[in-house]
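The structure appears right after this line, and notes come after that.
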Amino acid sequence: MTGPSKRRGRPEPMQVVKGRRDRALRALVDGVPWIAFLGIRFERHGDELTAVMPYQEKLIGNPMLPALHGGATAGFLETAAIIELSWSTLWEDVESGAIDLNDPAVLEGLKFPKTIDFTVDYLRTGLPRDAYARARVTRSGRRYASVHVEAWQDNRARPFAQATGHFLMPST
C-alpha cells in the first residue's frame, strides 16, 4: 500500500443529496431580482442545469411580429451563463457537504462572477412561447472563465440565440 487507506462510509441517502443540491441552486437564484423579474427558473438534472424563461406578454419587443425583446433574450442568456458558471464552481463543495447551506453567513457570502464581455448572436426570431437555455463552461480558472450558451424554444437543434461570455471570477 503506497498511501493512507481511505475508508468509504455509507453513501448518503439520495434525498439528502438532492436536498443539498436544491438548496444550493435556490441560494444562487433566489437573491437576484432580475431572475425573478424575467420569471427564469432552473431545472436541475444531476449537475446539468436548464434555464427556463416562461412566456410573458411583457417580454415581447415587437408586437407586430410578435417577437421576444432582444434585451430579454440577452438577459436570459447572460443569466443562464452566470448561474451555470457559479453552479459549476460550487458543485464539488455542495456534493461533499463542505459548505453548510443552512448557515446564513454562507449564503450572504456567495459572490457571482462579473461579466467582462458578452456577445449575443440572434439567429432567428424568438417566438411568443417558453424559451430554454443551456450553458457550457469552456474555460474556468481562478481569475477568468469563458462560457458558451444556447437558447431554443421548440427544438433544441434549432437555437434562436447563442452567446459567448468572458467573466472575472470572484476572489475567494
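Once the range 67-102 is narrowed to residues that are charged (D, E, K, R) and buried (at least 19 other Cβ atoms within 10 Å of the Cβ), the residue that is nearest to Arg139 (Cα to Cα) is Glu84. Looking at the range 24-101, the strands (runs of 3 or more DSSP E) lying wholly inside it that each contain 3 or more residues that are in contact (Cβ under 8 Å) with a residue 60 or more places away in the chain and either on the phi < 0 side of the Ramachandran plot or acidic (Asp, Glu) (or both) sit at 48-53. Scanning the range 45-67 for residues that are modelled with pLDDT of 90 or more, within 30 Å of Leu90 (Cα to Cα) and of a type in the set (Asp, Glu) gives no hits. With respect to the conditions (1) within 29 Å of Ala24 (Cβ to Cβ); (2) charged (D, E, K, R); (3) not in a loop (DSSP other than H, G, I, E, B), Lys111 lacks only one, and its number is (3).
Listed here are the residues, each with its yes/no results for (1) assigned to a loop (DSSP other than H, G, I, E, B); (2) modelled with pLDDT under 95; (3) of a type outside the set (S, T, N, Q).
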{"position": "Arg124", "(1), (2), (3)": "yes, no, yes"}
{"position": "Val137", "(1), (2), (3)": "no, no, yes"}
{"position": "Arg142", "(1), (2), (3)": "yes, yes, yes"}
{"position": "Ser146", "(1), (2), (3)": "no, no, no"}
{"position": "Ala151", "(1), (2), (3)": "no, no, yes"}
{"position": "Ala157", "(1), (2), (3)": "yes, no, yes"}
{"position": "Ala163", "(1), (2), (3)": "no, no, yes"}
{"position": "His166", "(1), (2), (3)": "no, no, yes"}
{"position": "Pro170", "(1), (2), (3)": "yes, yes, yes"}
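The values are calculated or read from the model by the stated rules, or taken from the named source; none is laboratory data. Remember, predicted model here, so these are calculated numbers, not experimental data. So basically every Cβ, Gly included, is an ideal-geometry build from the backbone, and we count neighbours across all protein chains shown.
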